[in-house]
Amino acid sequence: VLGTRQGLSKMLVDAERGTLPKVVEAAIAKAREAGVGVPEHYIEAAQRKLGVLGVAKVMGDNPTAKTLREALAAARSAGALREPLEEAYKTMRQLDSEGYQEFVAEDLGASTERAGARELHAILAHAEAVGLGKEDIQPARRQLLRLKRDLGLEVLQKAIISSELTLETASEEGLDEESQPAAAKLAELKFEQKKRKTRNRLLDATDGTDTEHLHRVIQDSVDACVDERAIAAARQRVAGLELADAMEVGDIDNLIGTLQNAKAALVPLDEVQSGKDKLRELDADAYCNFVNAEMDVAKEGEDIEALRKAIKVAEDAPEPGVEAEAKRQARARLAQLLIKEAIENRDFEALGSAIKDAEASGLDDDEVVVACVKLAELKLYVVFNTGDLVEMRVAVEEAETIGVEEEPMADGRRMLAELELFASIQGDEPDPEAMQAAIEQAQEAGVNEAALVKARAILDMRRARIELAEATAGEEARRLNAAIERAQELGVRKEEMLDSIFRLVYLELCDAIKGESIKLLLLSIDAATQAGVEEELIQSGRTRLALLKLEEACVDVDHIRLKRELCNAKAFGVDKEDVDRAKKTLLKLHPDTYRELMEEEMQEAVEKSGYGDLEVAIKLAAEAGADEEEFIIPAKKRLLDLLIEATSSGEDGRPATEDMDLMRKCLDLAEQPNIVEPPAEAGAAAGAAAEGEGE
């Protein structure tokens, strides 16, 4: 028998490790038919594996929602864990999304009693994730708590057994004294075990409906030092059950007692209200007395909402109703509590409303006066925060009249002075003198330094803007520059100062043109160019710069630089007198450089179309010793061309000019050595000149 049992057990284990459903089925059947006492856990493991294999088979055969649901149900009935079926559950959800929640509910219900704590926790988490309702989840949640409690007790029991064995061994070895700490630890473990067992009994009893048993277990729990939270829940449960019984029986005295117990045990308000409704239905007088008692209790406490509700219930009570004086006293107490709360919260609006309620309910005048004084005090701060100067003046006057204490009164006066201060500096263009006077008065009144600093900053900014505007309208660059720097220090935005900056650039350029500093003029020209100052002024600056550089070069002994500055001066339109003076200096300083300059100027004149400038240039170049063949003769040829062009005949055959000197000059030039023979136009011009002379 033993050999058969071991063989069948091994066969079940091997089948459970395999993947063939028929092999597993055959192994289970043989184990059951043999009747040799094969351990049940081998058979259960094989059944779980058979369930998993069944699901796998359906998954591999293009499953439908129905076939997969049946396979999953069979697997779960066999006790299969959820983990190897996870993919099948996902497929099931895809195949039947509408019915999946119902399937999960069924799965949760089937697993609640047989699943272990870990498995039930996973199933419960999935049920919550798919949105199962509280009524579907609650049984499983309670079972999970029971399983966790049982596991805790098992661990505790093992610790107790271990401690007992340790103590027993120590006693046998004569180590009683050394084992005293272990004995104390064992006593603690046993006490904890008793407390946990009692707590489990309490939780189970709380789930039931036997009130007498629940009362006994509650007392046992108190004796065993069970946590107060569990005991409170049990008391709430028993109070609710007894209230329901009393409502069903209809005994008025019992109903009143159970109602009081239910309120004390914090039974849900809807259940308490049902009991009160039942009492009202059974006996109106008793209901009114109960409501009055409720209101008295609320009146003695500090709970504003509870008292407010109690008053509302009392006002709605049926005939004969609650006494008017009792309701008035309750309303007065409510107003008193509201005043206290509003003062603690420094709530101005709530305090004003509470004072009105207090006056209407007949609260003691002294308390109302104290509240009114506090209201006037709070008003000072509330109105100050609004910034309304007129209202602040009124608030200070009211506070002084009603007798607000000195410290808050001093705050009120300071706040008023602060508002007066800022009122004086408002507007687009406040008067700086008036602003200064207001700041001095505020300082004397004790306004805080932060407010004074802010006011002074506004005053400084206003003064800076005024100075900036005046300097911009003036002609002093230095003053305008100082005004811009001051405005920048105070934080005036650059966009506001664009006109002033442009004006400064303009004035600095004008001053630089009048001055003698080349460096300053260079900087001013660059700044003016970037700022977009009119080109005419910039050109004047460049002309002045060219002149200053020319004058500086005349003082210097560098003939190369002087020549360069002469060219630059001519380009920028420096006066001819200044240029001629510089040329004379160059001639004295270095005749050869002067000659080169004259040759270059003559070449420039050759490229132009005016014969007058070219004639002068040829004369100066010749005087400077320019080479005749290289420079003078080509220039004279060009001059001849220009003269011929100027004296050419018009459309009527007559010369284009009647200037006899010009015609003679043309003929004289043409007759000079090495000048080309004159063309026919020159002969015609000469004949015309002769005829003109005869006439």
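In table form, for the structure just shown:
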item	result
Of all residues making up the range 480-500, the number that are buried (at least 17 other Cβ atoms within 10 Å of the Cβ) and of a type in the set (A, V, I, L, M, F, W, C)	6
Flag for Lys327 being in a helix (DSSP H, G or I) and either open to solvent by less than 40 Å² (accessible area, probe 1.4 Å) or under 25 Å from Ile355 (Cα atoms) (or both)	yes
Meets criteria (in a helix (DSSP H, G or I), in contact (Cβ under 8 Å) with a residue 12 or more places away in the chain and either touching a Pro at 6+ places or on another chain (Cβ under 9 Å) or crowded, with 17+ Cβ neighbours inside 10 Å (or both)) for Ala317	no
Search result, residues across the range 356-388 that are of a type in the set (Gly, Ala, Ser) and open to solvent by 60 Å² or more (accessible area, probe 1.4 Å)	Ala360
Filter result for the condition that a residue is within 25 Å of Ala122 (Cα to Cα), in contact with a His (Cβ under 9 Å, 6 or more places away or on another chain) and charged (D, E, K, R), over Arg82, Arg69, Arg48	Arg82
Qualifying residue in the range 469-483 (condition: assigned to a helix (DSSP H, G or I) and hydroxyl-bearing (Ser, Thr, Tyr))	yes
Restricting the range 21-46 to residues that are open to solvent by 60 Å² or more (accessible area, probe 1.4 Å) and in contact (Cβ under 8 Å) with a residue 24 or more places away in the chain, the residue that is farthest from the chain's Cα centre (by Cα)	Glu25
Some residue of the range 399-407 being over 30 Å from Asp499 (Cβ atoms), open to solvent by 70 Å² or more (accessible area, probe 1.4 Å) and either of a type in the set (A, V, I, L, M, F, W, C) or touching a residue at least 24 places away in the same chain (Cβ under 8 Å) (or both)	yes
Checklist (1) at pLDDT 85 or above; (2) surrounded by 16 or more Cβ atoms within 10 Å (Cβ to Cβ) applied to Leu509, failing item	(1)
Boolean, Glu516 is closer than 20 Å to Val574 by Cα, at pLDDT 85 or above and open to solvent by 50 Å² or more (accessible area, probe 1.4 Å)	yes
Residue count for the range 584-594, restricted to those that are in contact with a helix residue (DSSP H, G or I) (Cβ under 9 Å, 6 or more places away or on another chain), within 27 Å of Lys637 (Cα to Cα) and at pLDDT 85 or above	2
Search result, residues across the range 152-205 that are modelled with pLDDT under 65 and within 17 Å of Val217 (Cβ to Cβ)	Leu153
Count of residues meeting criterion [modelled with pLDDT under 80, within 42 Å of the chain's Cα centre (by Cα) and over 18 Å from Arg413 (Cβ atoms)] in the range 352-398	1
Lone unmet requirement of (1) in contact with a helix residue (DSSP H, G or I) (Cβ under 6 Å, 6 or more places away or on another chain); (2) over 24 Å from Lys327 (Cβ atoms); (3) part of a helix (DSSP H, G or I); (4) of a type in the set (A, V, I, L, M, F, W, C) for Leu203	(1)
Residues within the range 273-289 that are of a type in the set (S, T, N, Q) and more than 21 Å from Lys327 (Cβ to Cβ), tallied	1
Residue within the range 273-291 that is aliphatic (A, V, I, L, M) and within 50 Å of the chain's Cα centre (by Cα) present	no
Matching helices (runs of 4 or more DSSP H) fully within the range 1-90 where at least 3 residues are of a type outside the set (Val, Ile, Thr) and closer than 25 Å to Glu106 by Cα	40-60, 65-77
Any chance Ala105 is closer than 24 Å to Ile137 by Cβ, crowded, with 16+ Cβ neighbours inside 10 Å and either within 52 Å of the chain's Cα centre (by Cα) or touching a residue at least 60 places away in the same chain (Cβ under 8 Å) (or both)	yes
Members of the range 17-38 that are within 18 Å of Gln6 (Cβ to Cβ) and among the β-branched types (Val, Ile, Thr)	Ile28, Val36, Val38
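Residue-wise test of (1) open to solvent by 30 Å² or more (accessible area, probe 1.4 Å); (2) under 30 Å from Leu587 (Cβ atoms); (3) at pLDDT 60 or above.
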site: Lys637; (1), (2), (3): yes, yes, yes
site: Leu640; (1), (2), (3): no, yes, yes
site: Ala670; (1), (2), (3): no, no, yes
site: Ala682; (1), (2), (3): no, no, no
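The values are calculated or read from the model by the stated rules, or taken from the named source; none is laboratory data. Computed from a predicted model, the values in this text were never measured in an experiment. Here Cβ is always computed from backbone atoms with ideal geometry, including for glycine, and neighbour counts include all displayed protein chains. What goes into the accessible areas is simple: the full protein's heavy atoms, side chains included, and nothing from ligands, DNA or RNA. Shrake-Rupley method; radii C 1.70, N 1.55, O 1.52, S 1.80 Å.
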